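One structure, as structure tokens, below. Some questions next.
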Amino acid sequence: IVAATGLGKGAIVGMIVGDAVKAGKRVLVFVHRREIVDQLAGHVMMWSGLESRIEQGERAEADDDSPVVVASVQSLVRRFDRFGPDRFDLLVYDEAHHGLSNTARSVFDHFRSARIVGLTATPNRGDEKALGQVFDEVVFEMPLAAAIRQGWLAPYRTRRHRLGIDFSEVRRRHGDLVAGDLAEVMGQHDALREAVGHALEDAASLKTLIFCCTRPHMRLVVECVKTMCAERRVDLPIACIDGTTPRKERDQIF
């Protein structure tokens, strides 16, 4: 199932799980990000009335009678000894564009007799590996442009600034710019100030996300924003988050 961000994949998961359990099936819902585990369990409860057992981090709630288990893939692959290959009839995989990762493939291989439903907003992978190795067909698709045309999502406005930066030495790998090379170019003093200056002009009055190339580049951007805000006498709170940020700190920042 391919549906743009904001179209309710969580609700779709909840309804699929509810229908499967009514048919006597046992369902595993698994995701790559821990933040989504509780969110999806909430959707399952909202749309099916079923309580999910969680397998993530210190939580190990599932037993042999649990019809619905929601798990993070990182925890799941370390607990295969608790779940036999025939334990689940249906696997529901959110963020299915990660379906060719080693961890996801290990889940599919372990529960090889189960049917698989994947959901994603971004089915096209940069490394051009075919998701057809995992999924047989796309049964429903609602891309971003169609969702906007039909009124399901709000239209967006974009603004692009041309920077006086030389990217000729930035290499490409699997169709994407190499993050380390890009960070080196974008981390140069003049480049930082030029990019941050445009961002402050466009978005200083808005709640804003800035995506960076690497963690070191992120820290440079934060310091540059603080410096330029001080120069302009703008009081603008800013914080940085990456994959290593502790959950309590992340929640506080949000």
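Who wins for biggest fluctuation among LYS207, LYS226, LYS25 in a Gaussian network model of the chain, springs between alpha carbons below 10 Å?
Maximum fluctuation in the GNM of the chain, among the listed residues, is at LYS207.
Contour minus end-to-end for GLU58 and ALA23, with contour as 0.36 nm per residue of separation and end-to-end as the Cα-Cα distance?
9.5 nm
Further, regarding this structure: Peptides 59-67, 93-101, 184-192: what's the order by average Cβ count within 10 Å, highest mean first?
93-101, 184-192, 59-67
Around GLU201, what is the net charge, scoring Lys/Arg as +1 and Asp/Glu as -1 over all other residues with Cβ under 12 Å from its Cβ?
0
State, to one decimal in nm, how far the label point of ALA203 lies from the label point of LEU100, with both points 7 Å from Cα in the Cβ direction.
Rounded to a tenth, the inter-label distance reads 3.0 nm.
Along the Cα→Cβ direction, 7 angstrom out, place labels at ASP136 and ARG193. What is the inter-label distance in nm?
The modelled label-to-label distance comes out at 6.1 nm.
In addition: Full-extension gain between THR122 and ARG33, please, as 0.36 nm times their residue separation minus the C-alpha to C-alpha distance.
The span from THR122 to ARG33 would gain 30.5 nm if fully extended.
Find the lysine pairs in the chain meeting two conditions, Cα atoms under 30 Å apart and a separation of 8 or more places or different chains, and report how many there are.
8
Still on this structure, please answer the following. Between ARG112 and ARG250, what is the FRET efficiency for a Förster distance of 35 Å, r being their Cβ-Cβ separation, to the nearest 0.05?
According to the calculation, E is roughly 0.50.
I want the local charge near LEU220. Using Cβ-Cβ distances under 14 Å, sum +1 for each Lys or Arg and -1 for each Asp or Glu among the other residues.
Working: positive: ARG193, ARG215, ARG219, LYS226; negative: GLU184, ASP190, GLU194, GLU223, ASP242.
Counting the neighbours of LEU220, the net charge comes to -1.
Where does the chain land at 222 nm, in deg cm²/dmol rounded to the nearest 500, when only DSSP H runs of n ≥ 4 count, each adding -39500 (n - 2.57), divided by all residues? Working shown, then result.
Working: 9 runs with 95 residues, N = 254.
The helix contribution divided over the chain gives -11000 deg cm²/dmol.
Each reported figure results from applying straightforward, stated rules to the coordinates on display, with no laboratory input. All of these numbers come straight from a predicted model, not from anything done at the bench. Neighbour counts are summed over all protein chains in view; Cβ atoms, including those assigned to glycine, are modelled from backbone coordinates with ideal geometry.
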